[in-house]
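No value in this document is a laboratory result; all are computed from the given coordinates. All values derive from a computational prediction rather than experimental measurement. Ideal geometry is used to build each Cβ from the backbone, glycine not excepted, and the neighbour counts take in all protein chains shown.
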Amino acid sequence: MSDAITAEGLVKRYGEVTALDGLSFSVPQGTVLALLGPNGAGKTTTVRVLTTLLRPDGGRATVAGCDVVGDARRLRSRIGLSGQYAAVDEHLTGAENLEMVGRLYHLGARRSKARARELLERFDLADAADRPVKGYSGGMRRRIDLAGALVADPPVLFLDEPTTGLDPRARAALWDTISELVAAGSTLLLTTQYMEEADRLADQIMVVDHGRAIARGTVDELKDQIGGNRIELTVTDAAELETARQALTRFAVGAMRTVPESLQITVPVADGPEALRQTLGRLADAGVRVRDAGLRRPTLDDVYLTLTGRQASGTDPQSREATR
Amino acid sequence: MNALTMPIADGWTIARRNTLKIRRSPDLLGSVITLPIVLVLLFAYVFGSVIDVPGMSYREFLLPGIFVQAVIIGAQITGYTLTLDLQKGIFDRFRSLPMAPSAVLIGQTVSDLLMNLASLVVMAVMGLIVGWRVHTSPHEAVLGFGLLLLFAYAFSWVTATVALALRTPESFNNIATMVSFPLMFVSNAFLDSSALPTPLRVVAEWNPVSTFTQAARDLFGNTSTAMKTSDAWPIQHAIPASLLWITAMLIVFVPLATRIYKQAVSS
Ligand SMILES: Nc1ncnc2c1ncn2[C@@H]1O[C@H](COP(=O)(O)OP(=O)(O)OP(=O)(O)O)[C@@H](O)[C@H]1O
Ligand SMILES: [Mg+2]
């Protein structure tokens with residue numbers, strides 16, 4: 001299968017700040033890549049370079065076979081973009097916004113109009129279609145901007161935090177829409193803060209930090225890499241934290257995390273309920289009074305903290321977090 | 001679509017967007033209509049009651065000056081609107097679409113030209129009400145308005161350039177006010193500039209505002225033989241001098257604004 005997106009050694013600097021530090025990756029046609037990373041990691045910068053909004057200072061990238069610098073115009077006719085902040089005209093209605101985008105994709109007046117109505121329906125905005133966007137809620141703005149990315153049915157889509165600010169229903173609806181598009185052969189690069197979203201949509205996940213890729217793999221690969229489940233415990237007294245830590249070392253399949261302020265310990269474990277039962281027994285034996293205990297799936301937090309923790313070889317993720 | 005038709009088609013789409021916007025923002029439309037009315041009344045009755053010009057009524061002398069003043073203020077809408085758009089994300093949308101980059105500025109300047117046309121119409125009606133008359137043939141009068149509109153269009157590109165370089169509405173407004181006021185007042189727009197002390201008089205004679213005002217007076221026939229006009233070349237040949245100014249503005253500022261636009265939206 002050929003690659004819809006390729007990036008080789010992308011570099012982008014803003015004065016002192018290196019937003020992209022030699023980022024390389026590729027996205028096979030018809031697949032979904034999710035970029036995960038903390039604030040300032042370089043996710044938006046990556047999207048802006050690939051959609052020709054920014055010129056890279058170094059490296060090369062192609063999208064749908066077009067070079068981002070040399071072949072920008074042709075590239076733009078093959079992509080749809082919804083940026084992190086909605087790019088819509090406040091004074092125009094939702095329908096007028098989408099119609100304008102259609103005309104600027106050169107779909108012609110009739111098709112632009114029809115397409116606008118279709119998308120308004122699909123994004124549950126039909127009732128608000130003829131109201132100026134100025135009066136839309138945050139989530140409605142987000143949806144009209146997403147609709148803008150789909151107007152021309154482009155083969156490659158870029159969505160920067162598409163579901164931030166959406167209510168659960170709208171989020172689920174968008175996920176369905178995206179799944180349909182991908183099933184029909186579109187390629188998607190999305191950035192997200194939600195593990196669940198990456199889980200649901202992405203074939204591959206790339207974790208970025210400081211403009212570099214620090215991990216890449218399928219959802220399962222990454223989750224395996226950081227341990228399958230998490231046991232989260234709250235003890236009664238600060239003095240018990242260290243005792244608990246020692247008692248639990250043999251259950252942990254990765255670095256344990258302690259938050260002294262809230263008396264919490266997080267332990268990555270290999271299996272689920274059985275580990276929880278054994279852990280609690282072990283703690284009772286050690287005389288630790290457990291106030292709260294629970295089992296949960298890894299979150300973006302876990303992936304990020306664990307991966308960056310390992311990356312920094314031995315540094316406690318907690319202290320790393322504090323110095324950033 | 002080819003390289004020639006695309007900027008026109010896309011420019012038309014953007015101009016349509018702008019006219020929709022104008023229809024929805026009554027404050028902008030209101031100022032385009034009320035400003036000329038206020039200007040005409042203010043200058044005609046306040047200045048008009050103390051200033052005399054030889055051989056004709058002050059109001060007839062004044063109106064071409066007010067036309068030029070309104071065009072200068074009206075063309076600033078282009079720059080101001082662009083700075084507002086720069087603050088929002090809409091240019092990101094435009095930049096990610098396969099449209100002609102020049103279309104954004106073409107569309108903006110064209111729709112602002114329509115605003116200037118509306119303002120000139122209101123002003124001409126106000127002028128007729130307070131006693132301004134055209135003394136030349138109808139086709140010269142049409143040429144007069146045509147010249148003012150050409151000036152408006154060319155000057156829109158100047159304000160676009162300044163706005164894209166400065167980027168914020170606040171700094172654009174500051175600079176625009178600081179530059180346009182001296183330009184309008186050290187000219188023959190409101191006074192007989194030959195009465196000014198020599199250094200100011202020379203500035204006024206070569207000021208393009210005087211050139212355009214004089215050209216409008218010539219084309220509308222708002223001149224008098226009893227008035228001593230200046231010997232300076234741009235006043236003696238106001239119509240060709242105006243056309244030269246317009247050509248120069250377009251040649252310099254159309255490419256310059258387009259270049260700064262591409263840079264301004266890609267950082
Ligand atoms: N226009 C700019 N000028 C200066 N620095 C910038 C600019 N845009 C981004 N940066 C810097 O580049 C780095 C990467 O920013 P980017 O917006 O790509 O991060 P992100 O991963 O999208 O973060 P977030 O999750 O907050 O959206 C940050 O350190 C940021 O401060
Ligand atoms: Mg971002």
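Whole-Hz Karplus values for the range A:166-183 come out as 8, 6, x, 5, 5, 5, 4, 5, 5, 4, 4, 4, 4, 4, 4, 4, 5, 4 Hz, taken residue by residue from phi with 6.51 cos²θ - 1.76 cosθ + 1.60 and θ = phi - 60°; glycine and proline positions read x. Using θ = phi - 60° in the Karplus curve 6.51 cos²θ - 1.76 cosθ + 1.60, the 3J(HN,Hα) couplings for the range B:245-252 round to 4, 4, 4, 4, 4, 5, 4, 7 Hz; x is entered for Gly and Pro. Across all Cα atoms of the range A:165-239, the radius of gyration (one decimal) and Dmax (whole number) stand at 16.4, 57 Å. Our Cα-only numbers for chain A put the radius of gyration and Dmax at 22.8, 75 Å. Toward the positive end of the charge dipole of the range A:3-223, with +1 on the Cβ of Lys and Arg and -1 on the Cβ of Asp and Glu, the farthest Cα among A:Ser137, A:Ala116, A:Gln84 is that of A:Ala116.
Just so you know, the Cα atoms of the range B:21-70 work out to an Rg and Dmax of 13.9, 46 Å. Note on chain A: GNM, Cα springs under 10 Å; of A:Asp21, A:Asp302, A:Asp176, the largest mean-square fluctuation is that of A:Asp176. Which distance in nm do the two modelled labels at B:Ile129 and B:Glu170 give, with both placed 7 Å along the Cα-to-Cβ direction? It works out to 3.8 nm between the two label points.
The orientation-averaged shadow of the Cα convex hull for chain B, equal to a quarter of the hull surface, comes to 14.8 nm². Write down the percent of antiparallel bridges among all DSSP beta bridges whose residues are both part of the protein assembly as shown, to the nearest 5. The antiparallel fraction comes to roughly 70 percent.
Size check on the range B:97-218: the Cα extents along the three principal axes, sorted descending, read 53, 38, 22 Å.
Annotation: extensible slack from A:Thr6 through A:Asp67 equals 21.0 nm (criterion: 0.36 nm per residue apart, minus Cα-Cα distance). Each principal axis of the Cα cloud of the protein assembly as shown was evaluated for its coordinate range; sorted largest first, these ranges are 114, 51, 45 Å.
Relative contact order, whole percent, for the range B:102-203 stands at 25, derived from Cα pairs under 8 Å and 6 or more residues apart. The 3J(HN,Hα) values that the Karplus relation (6.51, -1.76, 1.60; θ = phi - 60°) gives for the range B:135-150 are, in residue order, 10, 10, 6, x, 6, 5, 5, 4, 4, x, 5, x, 5, 4, 5, 4 Hz. Gly and Pro appear as x.
I want the antiparallel fraction of DSSP beta bridges within chain A, as a percent rounded to 5. Of the beta bridges lying entirely in chain A, close to 70 percent run antiparallel.
Placing dummy labels 7 Å off each Cα toward the beta-carbon, the span from A:Thr218 to A:Arg169 is 3.5 nm. Placing dummy labels 7 Å off each Cα toward the beta-carbon, the span from A:Asp292 to A:Thr236 is 1.7 nm. Taking one quarter of the surface of the C-alpha convex hull of the range A:50-128 gives a mean projected area of 6.4 nm². Over all projection directions, the Cα-based convex hull of the range A:5-156 averages an area of 9.7 nm². Per the Cα gyration tensor, the range B:210-258 maps to an equivalent ellipsoid with semi-axes of 28, 10, 7 Å, ordered largest to smallest.
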